[in-house]
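S.K.: Provided herewith is a single structure, encoded as structure tokens, for subsequent inquiry.
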Amino acid sequence: MRRLPVPVTLALLLLAAPAILRLGVWSPSPVGLDAVSAATPAYVAVVGAGNTSVEGAPASPSVEDLVRGAFHLSGGLHKAIDPTARDVVIRPGHSPMGRRSLAQHLEVVRAVVVVLHDIAPDARMSLLVGGTPGSGVQAPEGLVGALRELTHTRDLASMRLRVVSLAQEEVEALEVPDGGEAAQLYPLPIPLLECDAVINVARYHGPLSAMTNLEGLAGPAEGDATADPAGRLVDLALLLEVQYTVLDLLGRDHPRSPVVLASADGIAVDRLAGAFAGNDAVPSALTRAGDRRLGMAVLANIKVAGLDFPGTWVPDGPTEAEETAPKAE
């Protein structure tokens, strides 16, 4: 086989280099700025408070600082929300929360509302709580009352912000685009059918935190979708077309170094958050969502942007009761 001259070989390598770099390599530890480099539907921003040496990072960032930073580094919420939008719905976290966890999550919700108001000042914003009739989803204890109080705080009172209980809303059947995984038709509440954008603000509780936070936004399917729970989650993602996902990892009932993830790609958010928590197995719902081109479920193809924060977030440890409980011999 005839060998190419050295200069020609070098030239070909230089031309191929950008394509090679785009393939990316997953670096399991630490995860941080550009730890993964590849083409994805959107960046996933990871913003933490552990590394204050980064230029421009506040020494003691507030939750609003973290949320704004996550939006900025993930490409900008303003690119996903039309400034003339008239109706935006927000799904706050519906995983079980203790009192301190709820207070932390409310700060994330408040920050999201403030940023949305900056982008679309005339939009009515609706906080959707609970689930549609027959869904079996209820708001965590204290969430509804806390959100109502939030709408009356001084900085939010002038905004068009309301709390909507989905259990009291009328529904209308909607067909899953391009065919469903578990069913074809799902009843959706009118506020979701008439809105201009959906923002999913979830709290980390496992490898499918963002996807499962969508439960309750649709009623029981026509047919037995309960036989395929992963398929139902994919169907919900197909139906709702969430514009942006925010996921907070702020600890459980005790302060931790805060971390916030944000992206227009909610599937990538869940995949990355699961990796941070050490969940190596990929849930089938993420894999199937990736197959349906709803987002990036392959870790090596996720572009991470943000502060380098090795060691700033620690998975929830045992509760005080668990720590003081007598150990079995």
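The values are calculated or read from the model by the stated rules, or taken from the named source; none is laboratory data. Fair warning: this is a prediction, and the values are worked out from it, not measured in the lab. Glycine also receives a Cβ, built like all others from the backbone with ideal geometry; neighbour counts cover every protein chain displayed. These area figures cover heavy atoms from the full protein model, side chains too; ligands, DNA and RNA do not enter into them. Shrake-Rupley method; radii C 1.70, N 1.55, O 1.52, S 1.80 Å.
S.K.: Counting only residues that are closer than 25 Å to LEU66 by Cβ and in contact with a Pro (Cβ under 9 Å, 6 or more places away or on another chain), how many does the stretch 124-159 have?
M.R.: Within the stretch 124-159, residues that are closer than 25 Å to LEU66 by Cβ and in contact with a Pro (Cβ under 9 Å, 6 or more places away or on another chain) number 9.
S.K.: Given (1) of a type outside the set (Lys, Arg); (2) open to solvent by 60 Å² or more (accessible area, probe 1.4 Å); (3) modelled with pLDDT under 90, identify the lone condition not met by ASP291.
M.R.: (3)
S.K.: Kindly provide the set of residues from the stretch 173-190 that are within 30 Å of VAL67 (Cα to Cα) and open to solvent by less than 10 Å² (accessible area, probe 1.4 Å), ordered by number.
M.R.: Result: LEU188, PRO189.
S.K.: Going by the structure shown, is LEU156 at pLDDT 95 or above, open to solvent by less than 30 Å² (accessible area, probe 1.4 Å) and hydrophobic (A, V, I, L, M, F, W, C)? First the steps, then the outcome.
M.R.: Numbers: at pLDDT 95 or above: no; open to solvent by less than 30 Å² (accessible area, probe 1.4 Å): yes; hydrophobic (A, V, I, L, M, F, W, C): yes.
Judged against the criteria, LEU156 is not a match.
S.K.: Six or more apart or on different chains, Cβ atoms under 8 Å: show the pairs whose first residue is in the stretch 64-78 and more than 10 Å from ALA45 (Cβ to Cβ) and whose second is surrounded by fewer than 17 Cβ atoms within 10 Å (Cβ to Cβ) and not aromatic (Phe, Trp, Tyr).
M.R.: Going by the 8 Å Cβ cut-off, the qualifying pairs are GLU64/VAL114; ASP65/PRO58.
S.K.: Restricting to the stretch 124-137, count the residues that are touching a helix residue (DSSP H, G or I) at 6+ places or on another chain (Cβ under 7 Å) and farther than 17 Å from GLU215 by Cβ.
M.R.: 2
S.K.: Separate question: Could you go through the stretch 130-150 and let me know if any residue there is touching a strand residue (DSSP E or B) at 6+ places or on another chain (Cβ under 6 Å), open to solvent by less than 30 Å² (accessible area, probe 1.4 Å), touching a residue at least 60 places away in the same chain (Cβ under 8 Å) and among the hydroxyl-bearing types (Ser, Thr, Tyr).
M.R.: Checked against the condition, which is being touching a strand residue (DSSP E or B) at 6+ places or on another chain (Cβ under 6 Å), open to solvent by less than 30 Å² (accessible area, probe 1.4 Å), touching a residue at least 60 places away in the same chain (Cβ under 8 Å) and among the hydroxyl-bearing types (Ser, Thr, Tyr), the stretch 130-150 yields at least one hit.
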